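Notes to accompany the following structure.
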Amino acid sequence: MTHDHDLVLRPTPAQTEAALNPPPGRTGGDLVVETLAGLGATTVFGLPGQHALGMFDALRRSDLRYIGLRVENNAGFAADAYGRITGEAAPLLLSTGPGALTSLAALQEAAAASAPVLAISSQVPTAGLGGGRHGYLHELPDQAASFRGVVKSVHTVRTQSQIPSAIEAAWTSALSAPHGPVWVEIPQDVLLAETAIPVVTGGDAFPEELAPRPELTAVAADLLSKAARPAIIAGGGVVRADASGKLRQLAERLQAPVVTTPGGKGAFGWTHPLSLQSWIEDRHTTDFLEDADVLLVVGSGLGELSSNYHTFKPRGRVVQIEADLGKLESNHPALGIHADARLALQALLETVSERQDPEAPERVREVLAKVAERIAAQELTLEQDVLASVRKALPASSPSFWDMTILAYWAWSAFDAKGPNHMHSAQGAGGLGYAFPAALGAAAADPTRPVLAVSGDGGALYSIAELATARQYDLNVTWLIVDDGGYGILREYMNDAFGEATATELTRPDYVALAESFGVPGVRTTPESLEQDLAKALAAPGPSVVLLPAVLRMFAPTHLG
C-alpha cells in the first residue's frame, strides 16, 4: 500500500540536465530568487543595500518582477497590500541593520492584519554572526532578536545549501493560518559566493489547513440552533480566509444579525437585511450585541476597536472562532474554536438547524436608525458628504487603502467597502504612512482596476517619496490627501483631554506642485467638487494626487460613559 507521503517526485529530463550542468556564474543570491520563483512568486518588493547586492544582482538573471520603493518601511507596506490582495506570500528584499530595522513598523502592521509577507534580509558576513563585535558595517549583536516579537517565525541561514529549505519553510509559515510576516536572514558572503548547487526547479510548500475540532463545532452548532437572539461579529479572519460567502449562508440560516469590525469590512453585504454594517464603535450596536444570548465571533480577537474600547460586556454565551491561538478567549470567556474561519463556518453550516425569526431584520433597522439619529444630531454633514463623495467616485470593484486619519476613522464605521478584501487600513498596528505605499502594492498585484489611497497631510509626509515609485512603475493609484494643517485626530484628542493641542501643527508643502514635480498629475479640490475630481483622477491611467483642504471632525465617542 502506498501512502501520499511515500511518493517521491522524479525530476524531468530537463530538470536532470539543469541539475547536472548548472549555468556558470550563479551565486547564493540566485538560489534565493530561484527558490522564490519555484514557490510561485512573480513579484518582489524591496530596497538594495551593500550586504544584499548578491540578491539584487541575481534578480536580473530571473523572471521575477521587481518593484523598488524609496524607504524600506514603505516597501513593507507595499508587500503587505500585495499579500492581502493576492493571498500569496509577498517577498520583501532588504539589507542589513538600518535597512532591516526600518521595515519593523510595516511588519508589525502585517502581523496585526495577518498579511503574508516574506521578508528576506542580508546579514553581515558569517564570521560576524553570534554576537561578537567585529565592526562590520550595519552590524547588530543579534539582528533577528529585533524581529522575533513581531513576525511569525525567524529563519537564519548560514550555508548556501540551507537557502531553499529555509525560504520554503518561511513561505509555508507565512501562508499558514493565520497568515503573517516571516523573517529570513542570509549573510553577505553566502549570497555573494559562487555556488555549485543545482538550479532550484520547484518548491513544495503547502500549508496545513487549520481545521476545527468536531466536538467543539457540534456544541457551537447546538448553541446557535437553540438561540433566541443570536448575533455575529465578523472580523478580518473572515476576509483573509475568503469565507464571506459561508458567513452569509450561516447568518441567513440562523437569521442572525451581523456586524463587521474595521478589519472585517466587506465580509458581509452592507445592505443585507441582517447587516448591522460596521458601527461597532456605537453604543447602540454594543447594547444590541450584549443582549445576544449566543454571540458568534468569527476571525476577531475582540480587541480595542472591536469591543468599543473594551466597554463591550457580553451577557450571553460567546462562541469564538479564531486562527490566532493567542487571541482565543484573550478578552472574553468563550467556547473557543482554534480554526481557520472558512473551515469552521463550513462545519457549522453542515450541522446547524435553520431558525425562523421574521423580526430579526426589523431589529437591525431599529439599531441602524438609532445610530443614524445619533450622528445626525452632531451636525457633521461635511464629514458625511466627503465620505459619500469618495464612495460615489470609487468604482465598486476597486480596493481602497486608508491611513490613520480622521476620514479613515469615519470609514471604519460608515464606509461601504462593496465587497470583501476591498477596504484596508493601518488600524491593526496603527502606524502612519500606510495608505499610499500599500496602494502601490495593490496596483502592482492587479493593474486592471484603479486603486485609491487616502491620507491626511501628516501621514502623507511619511510616504511622499513614493511618488517617484508610482511614476517610475506607472502604477494606477489615485492619492487623496486631506490637508488640515496638522495631525488632525491628535489635535482633537489633545483639545478634548487638555483643552489645548501641542506638537500637532505642521508646515507642509504645496502637495499639488510637489506631485507635479514628480511628473504626477495633481488637482486641488473642494468638498463640493470632490466627487467629480476624484472620479476623473481614478478614471485616468497612472498615478495622480487629489488634494482636499478641509478640517474634518470626528463623531462623538460612545465609550466614555
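Given LYS418/LYS536; LYS392/LYS536; LYS152/LYS418; LYS226/LYS370; LYS313/LYS370, which pairs have Cα atoms separated by over 23 Å?
LYS152/LYS418; LYS226/LYS370
Does the chain classify as rounded, prolate or oblate by the C-alpha gyration tensor (a ≥ b ≥ c root eigenvalues; a/c under 1.5 gives rounded; else a/b over b/c gives prolate, otherwise oblate)?
Oblate is the answer for the chain, as a/c is 1.5 or above yet b/c matches or exceeds a/b.
Please work out the average accessible area per residue across segment 13-101, using the 1.4 Å probe convention, and give it in Å².
33 Å²
Could you pull the accessible area for ARG70 with a 1.4 Å probe, rounded to 10 Å²?
The accessible area of ARG70 comes to roughly 90 Å².
Just reorder THR126, THR405, THR12, THR448 by solvent-accessible area, largest first, 1.4 Å probe, all chains present.
Order by accessible area, largest first: THR448, THR12, THR126, THR405.
Which of rounded, prolate or oblate describes segment 339-438 when judged by the alpha-carbon gyration tensor and an a/c cut-off of 1.5?
Oblate shape, in that a/c is at least 1.5 and b/c is the bigger or equal ratio.
Can you put ASP63, ASP282, ASP204 in order of accessible area, largest first, using a 1.4 Å probe?
The ranking, largest first, comes out as ASP63, ASP204, ASP282.
From largest accessible area down, sort TYR409, TYR487; use a 1.4 Å probe on the protein chains. Working shown, then result.
Details: TYR409 25, TYR487 65 Å².
Order by accessible area, largest first: TYR487, TYR409.
Taking θ as phi - 60°, what are the ³J(HN,Hα) couplings along segment 87-97 by the Karplus curve (6.51, -1.76, 1.60), each to the nearest whole Hz, with x for Gly and Pro?
For segment 87-97, the Karplus curve yields x, 9, 6, 9, x, 10, 9, 9, 9, 6, x Hz.
Across segment 167-175, in residue order, what do the Karplus-derived ³J(HN,Hα) couplings come to in whole Hz, using 6.51 cos²θ - 1.76 cosθ + 1.60 with θ = phi - 60° and x for Gly and Pro?
After applying 6.51 cos²θ - 1.76 cosθ + 1.60, I find 5, 5, 5, 5, 4, 4, 4, 4, 9 Hz.
With label points built 7 Å along Cα→Cβ from the Cα atoms of ALA228 and ALA145, find their separation and express it in nm.
5.8 nm
Please report, for the Cα atoms of segment 398-531, the Rg to one decimal and the Dmax as a whole number; what are they, in angstrom?
Calculated on Cα positions, Rg and Dmax stand at 15.0, 48 Å.
Determine how large the accessible area of VAL71 is when every protein chain is in place; take a 1.4 Å probe and give Å² rounded to the nearest 10.
For VAL71, the solvent-accessible surface is approximately 50 Å².
Given a Förster distance of 45 angstrom, what is the FRET efficiency for ARG158 paired with GLU209, based on the Cβ-Cβ distance and rounded to 0.05?
Efficiency computed from Cβ-Cβ geometry: 0.90.
Counting each DSSP H run of 4 or more residues in the chain as -39500 (n - 2.57), what helix-only mean residue ellipticity at 222 nm follows after dividing by all residues, to the nearest 500 deg cm²/dmol?
Values: 23 runs with 213 residues, N = 561.
My calculation for the chain gives -11000 deg cm²/dmol from helical runs alone.
Need one number: % antiparallel among DSSP beta bridges in the chain, to the nearest 5.
5 percent
How about segment 96-204: which trypsin sites (Lys or Arg not before Pro) there lie in a loop by DSSP and see at most 15 other Cβ atoms within 10 Å?
For trypsin sites (Lys or Arg not before Pro) across segment 96-204 that sit outside H, G, I, E and B with at most 15 neighbouring Cβ atoms in 10 Å, the list reads ARG133, ARG158.
With +1 assigned to the C-beta of every Lys and Arg and -1 to the C-beta of every Asp and Glu, and no other charges, what is the dipole magnitude of segment 414-516 about the Cα centre in debye, to the nearest 20?
So the dipole magnitude of segment 414-516 works out to roughly 380 debye.
Hey, with R₀ at 41 Å, roughly what FRET efficiency would GLN378 and THR448 work out to, going by the Cβ-Cβ distance, to 0.05?
Once rounded, the FRET efficiency stands at 0.55.
Going toward the positive end of the dipole of the chain, with +1 on Lys and Arg Cβ and -1 on Asp and Glu Cβ, which of LEU368, PHE147, VAL523 do you reach last?
LEU368
Quick one: if you stick a label point 7 Å off each Cα along the C-beta vector at ALA540 and ALA169, how many nm between them?
The two pseudo-label positions are separated by 5.1 nm.
If the chain between HIS310 and ASN21 were fully stretched, how many nm would it gain, using 0.36 nm times the residue separation less the Cα-Cα distance?
Extending this stretch completely gives an extra 97.8 nm.
What is the distance in Å between the Cα centroid of segment 76-111 and that of segment 289-306?
Cα centroid of segment 76-111 versus Cα centroid of segment 289-306: 30 Å apart.
Taking the DSSP beta bridges in segment 425-561 as the whole, what percent of them are antiparallel, to the nearest 5?
Taking every DSSP beta bridge within segment 425-561, about 5 percent pair in antiparallel fashion.
Looking at the square roots a ≥ b ≥ c of the eigenvalues of the Cα gyration tensor of segment 217-297, which shape do they give, rounded for a/c under 1.5, prolate if a/b is larger than b/c, or oblate?
oblate
The values are calculated or read from the model by the stated rules, or taken from the named source; none is laboratory data. These numbers come from a predicted model, not from an experiment. Reconstructed Cβ throughout: ideal geometry from the backbone, glycine too, with neighbour counts over all protein chains shown. Keep in mind that these areas ignore ligands, DNA and RNA; they rest on the heavy atoms of the full protein, side chains included. Shrake-Rupley method; radii C 1.70, N 1.55, O 1.52, S 1.80 Å.
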